[in-house]
Each structure stands twice: as structure tokens, then as C-alpha cells.
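Q: Got a structure for you, questions after.
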Amino acid sequence: MTCGGCAASVKRILENQPKVSSASVNLTTETAVVWPVSEAKVAANWKKQLGEALAKHLTSCGFKSNLRGGECGANCGGLFQEWNFQSQGTFLF
């Protein structure tokens with residue numbers, strides 16, 4: 001991912017998913033943050049399930065993606081899933 005157009009495309013792709021309420025993609029920090037709808041958080045391992053599904057979908061759209069290993073930390077309250085991505089279009093969820 002090398003331009004704002006790619007970041008805008010990734011944001012649009014993420015926000016068009018039914019389990020995503022909103023998304024923020026930052027090209028400079030190579031990070032995407034997704035806030036899921038409340039219905040997406042019913043499964044015990046919802047972060048992993050949602051992350052894997054979004055990674056698979058982004059990959060199918062041309063942005064190679066992988067689930068990120070770390071947790072979001074104490075400040076997120078389980079509200080979002082965060083991804084890192086590299087300039088060649090690879091997302092690490």
C-alpha cells in the first residue's frame with residue numbers, strides 16, 4: 001500500500017463488511033483499526049474469528065492480509081481489532 005487511494009480502498013472494503021461498524025486506516029503508521037458491530041462480539045473468540053474473516057476478504061480483494069498476533073491492550077475495552085500493514089499491500093491482523 002503506497003498511496004492514500006489504497007488506504008481509502010481498504011477502509012471502504014472493511015466498512016462494507018456486515019460485522020464492521022467503522023474502520024480507520026492510517027497509511028503513515030501502516031495501521032488499520034476496526035470497530036465491530038455488537039452482534040459480532042457474541043462468540044468467545046470473536047476477535048480471532050472476525051480478524052481471520054476480514055484478512056481473508058481483504059486478501060481476496062488484492063490486499064494480502066494476515067491476522068495480527070497481539071492483543072489491543074487495556075485501553076480498547078474489546079471494541080476494536082487492529083491491523084498493521086506494509087507498503088506492498090500486506091496487512092498483518
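Q: Please list, in chain and number order, the residues 5+ apart from THR31 or on another chain whose amide H is under 5 Å from its amide H, with Hs placed from the backbone.
A: The list, which skips near neighbours in sequence, is ASN26, PHE85.
Q: Note down the nm distance, to one decimal, between modelled labels 7 Å out along Cα→Cβ at TRP35 and at CYS61.
A: It works out to 1.9 nm between the two label points.
Q: Additional query: So for the pair ALA43, ALA8, with labels modelled 7 Å out along Cα→Cβ, what separation do we get in nm?
A: 3.3
Computed from the coordinates by the stated procedures, all read-outs in this text should not be read as laboratory data. Everything numeric here is computed off the predicted structure, so don't read it as measured data. Don't worry about glycine lacking a Cβ; one is built from the backbone with ideal geometry, like all the others, and counts go over all protein chains shown.
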